[in-house]
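Quick notes on the structure that follows.
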Amino acid sequence: MAIVEPAGSGGSGRRRLRLRNPATLEPLDEFEVETEEDVRAAVERARKAQPEWAALKISERGRILCRAIPHLIDRQEELVDAIVRETGKPKPEALAEVMGACDALQFYAKRAPEFLSDRTLAMHLLRNKKLRIAYRPLGVVGIITPWNFPFMLAFNPTVQALVAGNAVVLKPSEVTPFSGLLVREVLRSARIPDDLFQVVLGDGTTGAALVEAGVQKICFTGSVRTGRRVGEACGRNLVPFTLELGGKDPMIVCADADLERAANGAVYGAFSNSGQVCVSTERVYVVDSVADEFTRKVVEKTAALRQGDGGEFEIGPMIWPAQLEIVERHVEEAKARGAKVLTGGRRNPSFSGLFYEPTVLVDVDHEMAVMREETFGPVLPIMRVRDEEEALRLANDTRYGLNANVWTRDRRKGERLARAVQSGSAVINDCMLTYGATESPFGGVKESGIGQVNGETGLRSFCHAQSIIVDRFGAKSEFLWYPYSAKKLAWLRRAMRWVWGTPLGRWLS
Ligand code: NAD
């Protein structure tokens, strides 16, 4: 059963898509797929609206954006219900998306004036000059987002791009378009001009059109496969881009870990949002001496999780049928190669929707897809290892590098292991967390992405750092300018020897 299915074409001639609720499979709304011309027109309108916004002081932009916070607080129930309708996720997880939006607004509004204010630097050699760095907005930013946190992953980069002085055109996932429209509703409550922030609805064709529509940056969140295409198109058009892509995050459990906390963390890290988090814990390496106890605890806690489509529950459905098929393929292939299912391991027959039981696997190895490819579902494979060094070697035996978590009572060792994991970020004695820690730069290495969002680094990535060098004394000419002469050449040779070849020169430069 498709969650997004064709629904003919409307009076305008545009294709229409129909959505179903992933938990109940009941039909939801229909929407039109916006065309290349629609997207170009949206970018053009945004381009016209941007200069006036960019001319405001940074603090004023932040103040205007923060007018949306009361709306988020007062309308939280409606926002949560709208997110749950499209995703089936438990209400606390939908509310976390709305809380994340409040935090993004407040955090960047408060700190952007400092993060983006001009910096003046003394020049280390050219003492008669002054360097100023000005963080200039880029223009129109295209933001393309996935379905797993459909509100937060659209709202957060939008706030960063806007506070930095850009206009934004957002293309949310076709699986969760109405959560994308919520971003517009919330920003309208702040009286952000309609043309400054626009949403274009549609599938991959609309996303591809946005990349080609003459924007000054693409901020893409999604799969490695699509990210590669977006990167290629941006390269062709010389458009800067960030790619926030998939992961296969490892968890390393040392012999001295607090096993109760580690087991709770493993279950939460693997199964929250039904495992559909880019920084989900996707594989565990536990040291042999504590493997039995750790695994027993994890299985007990996993078996106690409740699946549901209403009321109180921890685990909702998968959101996208194609992802459910990947989950089934990974588990079946692992079983065929000798893995053992300790709990779960099948679709939940009590529901008509896309529910897969939270699953714990053991006796897994690195030949299995479940240890090598992103599963993005409620599956936790546990592998026992001889020691921490073997855990580290296996953790790094992957083409991904988004996030990682390490569990030990020895903080020094924890840091050593965290630094040695090849990942964009790492967490010690906790899991996921990094994206929600607003001050932390977030982005992957290897095939998990290019560039970063969030924090000071992420905010600055929505600007161009323009260097402005000012001559301080106004001399009529400079030593390096014309005319050249043998005397000038000899002087330069002496200077070279002195500046980089003597202790005093090195100290002064
Ligand atoms: P996806 O790549 O299929 O789609 C993402 C978005 O790209 C959608 O809006 C889609 O319509 C659009 N798109 C599709 N083809 C396009 C094209 N040719 N040009 C431009 N846009 C196009 O990803 P998904 O299935 O929606 O999301 C799941 C993936 O997202 C997982 O791999 C997950 O790990 C990743 N993800 C990463 C992060 C992160 O921050 N690193 C966060 C959440 C999800």
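The values are calculated or read from the model by the stated rules, or taken from the named source; none is laboratory data. Since this is a predicted model, take the numbers as computed values, not measurements. Here the Cβ positions follow ideal geometry from the backbone for every residue, glycine too, while neighbour counts run over all protein chains shown.
Candidates are the residues of the stretch 252-278 that are assigned to a loop (DSSP other than H, G, I, E, B) and within 16 Å of the ligand (Cβ to nearest atom); the one that is farthest from residue 359 (Cα to Cα) is 278. Selection within the stretch 162-221: residues that are of a type in the set (Ser, Thr, Tyr) and part of a loop (DSSP other than H, G, I, E, B). The member of this set that is nearest to residue 145 (Cα to Cα) is 173. Looking across 333, 293, 325, 300, one residue alone is surrounded by fewer than 24 Cβ atoms within 10 Å (Cβ to Cβ) and closer than 24 Å to residue 20 by Cβ. It is 325. So which residues in the stretch 210-242 are in contact with a Phe, Trp or Tyr (Cβ under 8 Å, 6 or more places away or on another chain), small (Gly, Ala, Ser) and more than 8 Å from the ligand (Cβ to nearest atom), if there are any at all? Hit for the stretch 210-242 is 231, nothing else. Condition first: part of a loop (DSSP other than H, G, I, E, B), in contact with a strand residue (DSSP E or B) (Cβ under 8 Å, 6 or more places away or on another chain) and within 29 Å of residue 399 (Cβ to Cβ). Can you find one or more residues in the stretch 279-300 that meet it? Among the residues of the stretch 279-300, at least one is part of a loop (DSSP other than H, G, I, E, B), in contact with a strand residue (DSSP E or B) (Cβ under 8 Å, 6 or more places away or on another chain) and within 29 Å of residue 399 (Cβ to Cβ), which makes the answer yes.
Scan the stretch 19-55 for residues that are in a loop (DSSP other than H, G, I, E, B) and in contact (Cβ under 8 Å) with a residue 24 or more places away in the chain and the total you get is 8. If only residues of the stretch 377-404 that are touching an Asp or Glu at 6+ places or on another chain (Cβ under 9 Å) and among the basic types (Lys, Arg) are counted, the one that is surrounded by the most Cβ atoms within 10 Å (Cβ to Cβ) is 384. Tell me yes or no: at least one residue of the stretch 224-233 is hydroxyl-bearing (Ser, Thr, Tyr) and surrounded by fewer than 24 Cβ atoms within 10 Å (Cβ to Cβ). Scanning the stretch 224-233 turns up at least one residue that is hydroxyl-bearing (Ser, Thr, Tyr) and surrounded by fewer than 24 Cβ atoms within 10 Å (Cβ to Cβ). Of all the numbered requirements in (1) closer than 28 Å to residue 55 by Cβ; (2) in contact (Cβ under 8 Å) with a residue 40 or more places away in the chain; (3) more than 9 Å from the ligand (Cβ to nearest atom), residue 144 misses one, and that requirement is (3). A Cβ distance below 9 Å, combined with a sequence gap of six or more or placement on separate chains, defines the contacts here; from the stretch 202-227, residues that are more than 22 Å from residue 444 (Cα to Cα) reach residues that are more than 7 Å from the ligand (Cβ to nearest atom) and at pLDDT below 95 in the pairs 202/14; 203/4. For the stretch 118-146, the set of residues classified as outside any strand (DSSP E or B) and either within 30 Å of residue 181 (Cβ to Cβ) or of a type in the set (A, V, I, L, M, F, W, C) (or both) consists of 123, 125, 126, 138, 139, 145, 146, listed by residue number. Taking residue 179 as the residue in question, decide whether it is out of contact with any helix residue (DSSP H, G or I) (no Cβ under 9 Å at 6 or more places or on another chain), in contact (Cβ under 8 Å) with a residue 12 or more places away in the chain, over 26 Å from residue 114 (Cα atoms) and within 13 Å of the ligand (Cβ to nearest atom). Against the criterion (out of contact with any helix residue (DSSP H, G or I) (no Cβ under 9 Å at 6 or more places or on another chain), in contact (Cβ under 8 Å) with a residue 12 or more places away in the chain, over 26 Å from residue 114 (Cα atoms) and within 13 Å of the ligand (Cβ to nearest atom)), residue 179 does not qualify. Scan the stretch 398-437 for residues that are β-branched (Val, Ile, Thr), assigned to a strand (DSSP E or B) and touching a residue at least 24 places away in the same chain (Cβ under 8 Å) and the total you get is 2.
Counting residues in the stretch 316-336 that are outside the structural domain of residue 88 (by TED's automatic domain parsing), charged (D, E, K, R) and within 16 Å of the ligand (Cβ to nearest atom) gives one or more. The set of residues in the stretch 310-330 that are part of a helix (DSSP H, G or I) and either without any contact (Cβ under 8 Å) to a residue 60 or more places away in the chain or of a type in the set (Val, Ile, Thr) (or both) comprises 322, 323, 324, 325, 326, 327, 328, 329, 330.
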